[in-house]
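J.: Have a look at the structure that comes next, please.
The values are calculated or read from the model by the stated rules, or taken from the named source; none is laboratory data. As the structure is a prediction and not an experimental result, all values here were calculated from the model. A quick note on method: Cβ atoms are made from the backbone with ideal geometry, for glycine too, and the neighbour counts reach across all protein chains shown.
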Amino acid sequence: MGRWKPDARSRLERAALALYREHGFAQTTVAEIAERAGLTERTFFRYFADKREVLFSGGDALRQLLVSALDNAPRALSPIDSVGAAVEAAADLFEERKDFARKRQAVIAESAELQERERIKLASLASALADGLRRRGAGDMAASLAAEMGVTVFRVAFGRWINEKGDRSLAIIMRDSLNELKLVSAGK
């Protein structure tokens with residue numbers, strides 16, 4: 001069954017997304033995903049723990065990237081600007097996968113289970129960013145607020161990016177969204 005063919009992970013992702021969109025997430029089985037990809041179920045489980053992981057497998061890499069970017073942000077930046085630099089740095093991770101991101105979000109929007117998983121992922125990112133801000137010397141309240149607002153900027157900007165008709169980069173949309181948040185919080 002084709003396990004020697006290259007790019008098994010990507011083939012599984014494409015097959016899963018197509019099936020999730022055709023039949024719904026809950027109705028799609030791992031066996032169907034593997035068959036559509038021309039692979040075995042065993043191969044599927046080499047890449048993903050379960051069928052949800054097709055949609056969430058990049059979470060650890062994203063968290064590591066955000067924390068690393070936060071750690072490398074100039075020390076003179078405020079907590080919110082430090083988080084802004086981190087989320088903007090993460091934008092490159094998504095630029096080449098915009099079509100996948102659109103399809104992924106459409107599948108998540110149709111499933112309460114997946115929406116909950118997405119909220120858990122975002123909460124985990126906020127927690128990691130807050131911890132990073134505390135390591136940088138921010139107080140608990142400032143770290144928590146800046147991290148939550150940074151994740152909100154990320155979420156809102158990401159939604160705008162995947163739904164926008166133009167070709168503005170995610171990084172620019174994130175920067176614009178952070179600036180808008182600053183204006184709103186300043187009462188302007």
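J.: Evaluate region 50-61: report whether one residue or more is surrounded by fewer than 22 Cβ atoms within 10 Å (Cβ to Cβ), touching a residue at least 12 places away in the same chain (Cβ under 8 Å), over 30 Å from Ala37 (Cβ atoms) and of a type outside the set (Phe, Trp, Tyr). Working first, answer last.
T.: Going residue by residue through region 50-61, those that are surrounded by fewer than 22 Cβ atoms within 10 Å (Cβ to Cβ) are 50-53, 56-61.
Subsequent filtering for residues that are touching a residue at least 12 places away in the same chain (Cβ under 8 Å) retains 50-52, 56, 58-59, 61.
If we keep only those that are over 30 Å from Ala37 (Cβ atoms) as well, we get none.
No.
J.: Just to verify a result, which residue in region 81-127, among those that are among the aliphatic types (A, V, I, L, M) and touching an Asp or Glu at 6+ places or on another chain (Cβ under 8 Å), is farthest from Lys182 (Cα to Cα)?
T.: Of all residues in region 81-127, those among the aliphatic types (A, V, I, L, M) come to 83, 85-87, 89-91, 93, 101, 106-109, 112, 114, 120, 122-123, 125-126.
Then drop every residue that is not touching an Asp or Glu at 6+ places or on another chain (Cβ under 8 Å), which leaves 108, 126.
Values: Ile108: 29, Ala126: 18 Å.
Restricting to residues being among the aliphatic types (A, V, I, L, M) and touching an Asp or Glu at 6+ places or on another chain (Cβ under 8 Å), the top hit is Ile108.
J.: For region 111-124, name all the residues that are more than 14 Å from the chain's Cα centre (by Cα) and surrounded by 14 or more Cβ atoms within 10 Å (Cβ to Cβ).
T.: Ser111
J.: Follow-up. Are any residues in region 64-86 crowded, with 17+ Cβ neighbours inside 10 Å and closer than 17 Å to Ala142 by Cβ, and if so, which ones?
T.: Leu70, Ala73, Pro79, Ile80, Ser82, Val83, Gly84, Ala85, Ala86
J.: Right, here's the next one. Using beta carbons and a limit of 7 Å, which pairs, at least six apart or on different chains, have the first residue in region 146-163 and assigned by TED's automatic domain parsing to the domain that holds Asp131 and the second one charged (D, E, K, R)?
T.: Hits for this filter: Ile162/Lys98; Ile162/Arg102.
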